[in-house]
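Heads up, the thing below is written out as structure tokens.
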């Protein structure tokens, strides 16, 4: 066991009877977590799982899943967390990650030897460093998911800081960089990580009220969903001290509305990628999208308005894609930014920008304006070929209950004309009552 894992184990023992996890409305202390970790370490030993082997974990959020992650890390394994009900996708991930063993906690069959054998050079490097590792998969929204190899030890060293008593809601799943970071940061510093039974807005609101959640890490899309939830104001949300948001662009209208509803809450924009980890940030103010970025092992540079990140916990690389770093070790995020002194503002992913007759249109700006219209729950705008300007804009509107889409269309068109330059105004509007986000609560920028 290396020093960082030994330190964390000692911390868990010291925290003892403090609340560590709340899952399915059941509370587990750090003593409970340590008992589970010890049991898994015994099972791993009896199952003869070699150190350095690649092991996939499947299962619902549970104390077993979380304790198994720590037990496998202690054994020096490379962990592949898989959270999907799609059997074909699960098998594809295992093959891509060259999994040696798999375990599915939903069927309680124990560790199963897989037909694959881990042999990638990145795995050899992690084993050479005597580290545990983790493999995360990109969302695949712009193509085939990429398998991202990270040192779990380096991640643990980043989050293993001072003790706190924060009660933090785990919004993203443990197979996502934001989700695993919440779990590691919360537990390694003596906080309590709270898992909702599902991620419906009403469930999240009830969970915040019942368990006195203090920190809510989430996405702009979900913040908008919370504000639109039925009876939003009936819940006691006074325990919340900090709301962090990231993974996609935040419309300024959503941020200003949220800051109005939560005047005593700090809003902090986060920035992170699976490839480079979660960066330290400092928002300029509660209702502005400007932020400071970097420090504590992270640096950045801006080339042609594109953000490049250098991180001392960056991934080793992709298992199934080419080397993404430049000669200095900076990663191209593909995010377009503007800079004002020491602050930057993230405008959106380069691939999402719409070019209309030489003018750049950022989807988040248009979506923020259209989202101001009462009755609009969510908006997605995308490019559509236009014979005159080359490209035009389509808008997909998710509307609320008891709203007439024909009347809403007229109101939206008038609002767009009053608040957007002509080239930014959508040419075509479509209406739906279906959700417009992915399972990771990011806008799904595809529609027919």
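A compact table of results
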read-out: Net length gained if the chain between residue 360 and residue 91 were fully extended (0.36 nm per residue, minus Cα distance); value: 92.8 nm
read-out: Angle in degrees between helix 87-96 and the longest Cα principal axis of the chain, rounded to the nearest 10; value: 70
read-out: Ascending count of other beta-carbon atoms within 10 Å, so fewest first, for 119, 249; value: 119, 249
read-out: Taking 128, 437 and counting other C-beta atoms within 10 Å, the order from fewest to most; value: 128, 437
read-out: Inter-part distance where the range 148-183 and the range 19-93 are each reduced to a Cα centre, Å; value: 15
read-out: Prolate/oblate/rounded call for the range 1-98, Cα gyration tensor, a/c under 1.5 rounded; value: oblate
read-out: Chain lengthening between residue 285 and residue 203 when straightened (0.36 nm per residue, less Cα-Cα); value: 26.6 nm
read-out: Which of 349, 414 has the fewest Cβ neighbours within 10 Å, and the rest in rising order; value: 414, 349
read-out: Gyration tensor verdict on the range 334-397 (Cα atoms; rounded if a/c is under 1.5, prolate if a/b is larger than b/c, oblate otherwise); value: oblate
read-out: Whole-number percent relative contact order across the range 55-149, with pairs defined as alpha carbons under 8 Å at least 6 apart; value: 31
read-out: For the range 100-257, alpha-carbon Rg and Dmax in angstrom; value: 18.6, 55
read-out: Mean Cα-pair separation over length for the chain, i.e. relative contact order, pairs under 8 Å, 6 or more apart, %; value: 10
read-out: Cα-projected label distance for residue 130 with residue 60, points at 7 Å along beta-carbon direction, nm; value: 4.0
read-out: Alpha carbon centroid spacing (whole Å) that separates the range 338-357 from the range 240-299; value: 16
read-out: Among (1) 37, 35, 24; (2) 38, 25, 21; (3) 43, 28, 20, the entry derived from the coordinates for semi-axes √(5λ) of the Cα gyration tensor in Å; value: (2)
read-out: Rounded if a/c under 1.5, otherwise prolate or oblate - the range 353-432, Cα gyration tensor axes; value: prolate
read-out: Sequence-separation-based contact order of the range 141-274, relative, with Cα cut under 8 Å and 6+ spacing, percent; value: 21
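We did not get these values from a lab; they are worked out from the coordinates using the rules stated. Worth saying up front: this structure is predicted, and the values here are computed from it rather than measured. Backbone-built Cβ (ideal geometry, glycine too); neighbour counts: all protein chains shown.
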